[in-house]
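Accompanying notes for the structure given below.
The values are calculated or read from the model by the stated rules, or taken from the named source; none is laboratory data. Nothing here was measured: the structure is a model prediction, and the numbers come from that model. Methodologically, a virtual Cβ is constructed for each residue, glycine included, from the backbone with ideal geometry; neighbour enumeration extends over all protein chains shown.
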Amino acid sequence: MKASRFYKRRRFFLLSVLFILFLCVLASINEVRFENLLRFGRLCSLSSILSNNLSQLYTSSIQDSNSSSDEVRILIGILTLPDQYPRRHFLRMIYGTQSLVGAKVDVKFVFCNLTKEDQKVLVALEIMRFDDIIILNCTENMNKGKTYAYFSSLPELFNSTADDRPYPPYHYVMKSDDDTYIRLGSLVDSLRPLPREDLYYGYVIPCESMDPFVRYMSGMGYLVSWDITEWIRESDIPKKHMEGPEDMVFGNWLKEGSRGKNRYNAKWSMYNYPDPPTKCTHELWPNTVAVHLLKNQDNWVRTLKYFNVTDNLKSSKLYHIP
């Protein structure tokens with residue numbers, strides 16, 4: 001009887017030990033499986049995050065690439081004189097309040113070397129505040145090489161070997177007068193369908209002609225593609241012919257060098273102010289790129305009022321303008 005009980009207890013003990021060992025083995029196996037599952041889950045989650053980020057990065061790159069390829073880059077050089085401080089400040093307001101989409105337009109004021117002590121101080125302050133002035137290495141003039149100095153200097157001033165800078169730095173370069181009002185949005189819209197190489201754009205002279213190959217573009221504001229500025233810098237043709245009406249001389253350079261084969265006559269979107277009326281003028285109208293000969297404040301005010309340039313003025317308690 002005692003022996004029977006002893007064997008029963010021994011068997012129970014052995015079974016208990018085996019059962020405990022089984023539970024331990026089972027727990028160990030489950031722990032390994034759980035860790036593997038957990039790691040797998042983490043890997044799946046990480047893979048999903050990386051996949052999403054890569055997808056977003058790819059999408060962003062495509063969008064950035066498209067936007068940069070569609071962007072029109074224009075440099076407008078307004079040829080003026082160092083002492084024309086009020087005119088420059090006024091034009092900064094005119095161009096600084098025009099908004100653009102899908103385009104970059106830089107407006108710079110261009111003149112020759114400073115000759116007075118007050119210019120060295122006042123112009124330096126302008127540069128520190130606005131950074132929109134180009135001082136050429138020349139003696140101030142209108143028809144003796146200033147235009148050549150402007151265009152020929154641009155490749156050296158703006159070309160860059162940096163990887164983050166686009167080439168060309170500007171698709172188009174414009175020369176304009178400080179009595180010309182340019183509507184930047186209209187200018188950009190007119191350029192979008194045009195070639196970005198070997199382009200010569202402006203108001204063709206003589207006034208009666210609509211053929212851009214007849215003579216040359218008016219000095220009120222003419223534009224060329226960047227490759228022409230590089231040609232002007234490298235060619236001997238402009239260097240030999242600098243004196244004379246600057247717009248006519250410029251046109252002669254292109255004719256002699258067989259450049260500007262792509263030409264666009266912006267007439268009558270570009271025109272002279274209508275008062276006094278001449279064969280080169282017409283009344284202000286909506287399809288305007290540029291108005292020339294704004295010689296006084298009344299002409300400017302009438303022009304700006306016609307184009308409703310202050311319509312976006314926000315209301316405020318600080319002022320009341322009826």
### Query
Got at least one residue in the stretch 262-276 being of a type in the set (Gly, Ala, Ser), assigned to a strand (DSSP E or B) and either touching a residue at least 24 places away in the same chain (Cβ under 8 Å) or touching a Leu at 6+ places or on another chain (Cβ under 7 Å) (or both)?
no
### Task
Using the structure shown, decide if Tyr167 is among the aromatic types (Phe, Trp, Tyr) and either over 30 Å from Leu114 (Cα atoms) or part of a strand (DSSP E or B) (or both).
yes
### Task
Would you tally the residues in the stretch 189-203 being more than 10 Å from Arg263 (Cα to Cα) and surrounded by 24 or more Cβ atoms within 10 Å (Cβ to Cβ)?
1
### Message
I'd like to verify a number: residues in the stretch 186-205 that are more than 19 Å from the chain's Cα centre (by Cα) and assigned to a loop (DSSP other than H, G, I, E, B), how many?
### Response
2
### Task
Within the stretch 113-124, identify whether any single residue is touching a helix residue (DSSP H, G or I) at 6+ places or on another chain (Cβ under 7 Å) and either among the charged types (D, E, K, R) or within 16 Å of Thr229 (Cβ to Cβ) (or both), and answer yes or no.
no
## Note on the structure
Contact list, first residue from the stretch 302-321 and within 21 Å of Thr288 (Cβ to Cβ), second anywhere and assigned to a loop (DSSP other than H, G, I, E, B), beta-carbon distance below 6 Å, six or more apart or interchain, is Tyr306/Leu284
### Query
(1) hydroxyl-bearing (Ser, Thr, Tyr); (2) in a strand (DSSP E or B); (3) at pLDDT below 95: which one isn't true of Thr161, the others all being true?
(2)
### Task
Scan the stretch 98-121 for residues that are farther than 15 Å from Ile78 by Cβ, surrounded by 12 or more Cβ atoms within 10 Å (Cβ to Cβ), under 28 Å from the mean Cα position of the chain (by Cα) and not basic (Lys, Arg) and jot them down.
Leu100, Ala103, Asn113
#### Entry: Among residues of the stretch 91-130, those that are in contact (Cβ under 8 Å) with a residue 12 or more places away in the chain and not in a loop (DSSP other than H, G, I, E, B), counted
18
### Query
Among the residues of the stretch 301-319, which ones are closer than 14 Å to Ile94 by Cα, among the polar types (S, T, N, Q) and surrounded by fewer than 11 Cβ atoms within 10 Å (Cβ to Cβ)?
Asn308, Thr310, Asn312
### Task
For Lys255, work out the one condition from (1) touching a residue at least 40 places away in the same chain (Cβ under 8 Å); (2) assigned to a helix (DSSP H, G or I); (3) in contact with a Phe, Trp or Tyr (Cβ under 9 Å, 6 or more places away or on another chain) it doesn't fulfil.
(1)
## Note on the structure
Residues of the stretch 204-226 being surrounded by fewer than 20 Cβ atoms within 10 Å (Cβ to Cβ), farther than 19 Å from Gly244 by Cα and not aromatic (Phe, Trp, Tyr), in sequence order, are Cys207, Glu208, Ser209, Met210, Asp211
### Message
Please go through (1) within 28 Å of Gln84 (Cβ to Cβ); (2) touching a residue at least 40 places away in the same chain (Cβ under 8 Å) for Gln297 and return the number of the only condition it doesn't satisfy.
### Response
(2)
### Task
Output the number of the condition that Glu156 fails; it satisfies all remaining conditions of (1) exposed (fewer than 14 other Cβ atoms within 10 Å of the Cβ); (2) not in a helix (DSSP H, G or I).
(2)
#### Entry: Odd one out for Asn159 among (1) without any contact (Cβ under 8 Å) to a residue 24 or more places away in the chain; (2) under 18 Å from Pro238 (Cβ atoms)
(2)
## Note on the structure
In the stretch 278-318, anything hydroxyl-bearing (Ser, Thr, Tyr) and under 15 Å from Lys267 (Cα atoms) is listed as Thr278, Thr281, Thr288
### Looking only at the stretch 206-221, and only at residues there that are of a type in the set (Ser, Thr, Tyr) and in a loop (DSSP other than H, G, I, E, B), the one that is nearest to Phe250 (Cα to Cα)
Ser218
